[in-house]
Structure formats: C-alpha cells, structure tokens
Amino acid sequence: MSSTAITGIAELVTNDPRTGDGTRLGILRDAAVVVDGSAIAWVGAAAAVPATDERVDVGGRAVVPGFVDTHTHLVFAGDRAAEFASRMAGVAYDGGGIATTVDATRAASDEVLRALLAGRMAELRSQGTTTTEIKSGYGLTVVDEERLLRLARECTDETTFLGAHVVPPGAQRAAYIELVTGEMLTACAPEARWIDVFCEPASPHAFDGDEARTVLEAGRDAGLGLRVHGNQLSAGPGVRLAVELGAASVDHCTFLVPADIDALASGSTVATLLPGVEFSSRSRYPAARVLLDAGVTVALATDCNPGTSYTSSMPFVIALAVRELSMTPAEALWAATAGGAAALRRHDVGVIAPGARGDLAVLDAPSFVHLAYRPGVPIASALTL
Ligand code: NIG
Ligand code: FE
C-alpha cells in the first residue's frame, strides 16, 4: 500500500467541525491531506505534513470532499429533447414521458447501455462527483429491471430498485404492484441496496400513498433500505410516508405543507432537493430555507435523467441551490457532500477526516465559493486515491 500527500491546498473544506475554523465546514487554509491506500490517514497544516511515498501538489487550489450524488437514473437509452422543448413552450410534466425512455432502454443491448453508463459516470467524475447512486426504473419488467441494476452495480454499490417508477402502459395497476412486490423484487433485491417509489397522486402514471406503502414495506421485508420520490408535483403523502417508515431520504420535496416540515424536523429522513428538476420543468423551487430553518437535514443531488433533469453536474446544482433556493454557498456545499452521505447513511464519504475514503474534488479556484460564483464554468474535478 502506498501513501500520497496532497499539498498546495489553499483552502481545504473537511466537513469535520473538529478541524480548522470551527464552522460546520471545518475549513483549513494552507493545508495538506495524506491518503494511505484508499483511506485518509492525516489532515493538517501543510507545514506539518508527514513523509509519504508520493506527493501531489495542487498548486494553490481549493479541495473539498468529492460530491455525493444520491439520486440519478443513469441507465437509459434514447433522448427526450423534444419533450423538454415542449415543456419550455408551456406543456406540464406528468411522468408520461417515462414510457418513451422505457421503450428505448428495453430495446438497447447490455453493451449499448454499458457504454452509455460509462460515458455518464465519466461525465459525473469530471465534475467532482465521487459517490453516485443509480436507480433502475426504465425496464419495468422482471428481466429488464434486474438487467439495469446489474449494469448499475458494475459502477456503484449504491443501487436502487425503482420498479415502482410508473405503471407501464398497458399494465393493470394492481397486477403491476403485485409483480413489483413479488417476482420483480425477488429478482432485483440481490442487486440493490435500496428500494424507491414514485409516490405522486397528481400523476396518472405514478403511485398513491397506499400503493407506495405496499411497495416500501415489501422492499423493507426483503432487506432493502428505503428511499422515496415524494411531493414533486403536488403536496401528496410521500414525505410523511417516508418519515413514518424511516426512509433514509425523501427526494424532490417541492410541494410541502407544514405537517411535512414538522415530520421531517422530528424524524431521521433526509430531505434531498433536486433543483435541476425545477430548472428543467420550469416549476417553482422547493422551500429549502424553511427546511433548513426547521433543522431538517438537507441534501442536494442531480436527479440526472432524460426527462426532468438531464444534468450530471453537482456544481450546477450547487449554483442553483444558492441562487434559486436561497442557500448560502456553505450550506449548498455541505448538502452536496455531507448531506448526501447522510442520505445514504454513510460515514466514510462526504468528509475529509482520518478513516474516510480518499475521495476528493479539486477546484480550479482559491475557494469553494467559486462553485456558485462561477456558474457553468468547469472548475471541479474528482480525485480519488
Ligand atoms: O426524478 N419523478 C420521477 N422520476 C424522475 C423523472 C423520470 C423521467 O421523466 O424520465 C424524476 O424526476
Ligand atoms: Fe428521480
């Protein structure tokens, strides 16, 4: 095992409040990090860096924990640019376009999907993401859901079974839920860490609260952790259901009522905000300030998918969170790193501290604030040792 010292760090965000300036971000200036094998072994002042086998000098850049993108739908084929264009001309999103991607994905071979997935993973990494969750949900048959999860597992351990994305066209609702919670779950559970459901009574294609509960309870009984797409299009039951069942995260949270905020504030479920969706569906943005002020743990993710948010860029999401969700640059960076780790119930990512994985993002900038200050400029890239 070889050790590497990363030196020349003008500003190091550790997310370890015991380190540095005493804030939640634990910022150290003129810092160094030592990675031994794949784990961080030492964090401190550049002047005190211990001897190592290798040295990487980042030349006065800022270093932050690698981004933790906890919500993506990266295994798909096809294109929905025309649907996006029609939305920008005023057509509302209701989940119906998912069927287009399902058709294209079912028709694609493993080799084609593997190549598309590899390209998207490279795109994420080139923008600083080092941990990625990937959902199924564009197969919607036993064979195709299992296939998408198997391909996703070649890229990440954070795989999520989303057979309950929508009721496929032509299927009968009750029979499909029986399939998702029976034969499909049995085939998919070995390839997944999580189960998710699109709980949205406002969509004719997605699932209501009772249906979502059935799906989540079956997943829990099969040993999977719980995640929910909730309150994306309306103030439905998703958020409260997620909190009641102890889900790790409820994602979207765009339309909330006070009871949802109270539930999140008193539970252990992270609220994951996906402002790329509101950007790409021209919807109103979630009330991040209300959640933060209520003490809710907030994460940010891309929701990279061909329908509602075809961006792979966590820096873009951070910039949106600062400008459109009224988060401070510090809150947004924390949510995109430590918040994501909390949403995956992980302690080894989203932080730069001894014992954590050596997953870093190097910024071609002197400060993390540039992530929002320089929107659209490719300043971040992943560095994993
Ligand atoms: O997270 N809301 C449901 N699923 C995705 C969109 C999927 C699609 O439109 O293809 C989302 O927004
Ligand atoms: Fe999603």
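The values are calculated or read from the model by the stated rules, or taken from the named source; none is laboratory data. Since we're looking at a predicted model, the values are computed, not measured. All Cβ positions, glycine included, derive from the backbone under ideal geometry; neighbour counts span all protein chains shown. Ligands, DNA and RNA are excluded from the accessible area calculation, which covers all protein heavy atoms including side chains. Shrake-Rupley method; radii C 1.70, N 1.55, O 1.52, S 1.80 Å.
Looking only at the stretch 159-175, filter to residues that are touching a Leu at 6+ places or on another chain (Cβ under 8 Å), more than 11 Å from ligand 1 (Cβ to nearest atom) and not small (Gly, Ala, Ser); which one of those is farthest from residue 98 (Cα to Cα)? Once the filter is applied, the top-ranked residue is 159. Only one entry in 102, 63 is of a type in the set (A, V, I, L, M, F, W, C) and either in a loop (DSSP other than H, G, I, E, B) or more than 16 Å from ligand 2 (Cβ to nearest atom) (or both), namely 63. Could you say whether any residue in the stretch 167-174 is open to solvent by less than 50 Å² (accessible area, probe 1.4 Å) and charged (D, E, K, R)? Within the stretch 167-174, not a single residue is open to solvent by less than 50 Å² (accessible area, probe 1.4 Å) and charged (D, E, K, R). Within the stretch 177-209, the set of residues being within 16 Å of ligand 1 (Cβ to nearest atom), farther than 17 Å from residue 251 by Cβ and of a type outside the set (Asp, Glu) comprises 180, 204, 205.
Screening 277, 290 for residues that are in the same structural domain as residue 243 (by TED's automatic domain parsing) and within 9 Å of ligand 1 (Cβ to nearest atom) leaves exactly one candidate, 277. The residues of the stretch 130-183 that are of a type in the set (S, T, N, Q), in contact with a Phe, Trp or Tyr (Cβ under 8 Å, 6 or more places away or on another chain), within 16 Å of ligand 2 (Cβ to nearest atom) and more than 23 Å from residue 203 (Cβ to Cβ) amount to a single one, 159. Suppose we filter the stretch 290-304 for residues that are within 12 Å of the chain's Cα centre (by Cα) and part of a helix (DSSP H, G or I); how many remain? The total comes to 0.
There is no residue in the stretch 123-146 that is away from ligand 1 (no atom under 16 Å from the Cβ), without any contact (Cβ under 8 Å) to a residue 24 or more places away in the chain and closer than 30 Å to residue 369 by Cβ.
Within the stretch 153-170, the set of residues being in contact (Cβ under 8 Å) with a residue 24 or more places away in the chain and more than 20 Å from residue 251 (Cα to Cα) comprises 153, 154, 155, 168, 169. Here residue 246 passes the criteria (1) within 16 Å of ligand 1 (Cβ to nearest atom); (2) assigned to a loop (DSSP other than H, G, I, E, B); (3) not basic (Lys, Arg) except the one numbered (1). Would it be correct to say that residue 58 is part of a strand (DSSP E or B), more than 13 Å from ligand 1 (Cβ to nearest atom) and crowded, with 22+ Cβ neighbours inside 10 Å? Answer is no for this residue.
Could you list all residues from the stretch 272-331 that are small (Gly, Ala, Ser) and either within 13 Å of ligand 2 (Cβ to nearest atom) or under 20 Å from residue 84 (Cα atoms) (or both)? Result: 276, 280, 281, 283, 301, 307, 309, 312, 313.
Among the residues here, residue 94 does not qualify as open to solvent by 40 Å² or more (accessible area, probe 1.4 Å) and within 23 Å of residue 123 (Cα to Cα).
So in the stretch 249-268, with the set limited to residues that are in a loop (DSSP other than H, G, I, E, B) and in contact with a Ser or Thr (Cβ under 7 Å, 6 or more places away or on another chain), which one is farthest from ligand 1 (Cβ to nearest atom)? My answer is 255.
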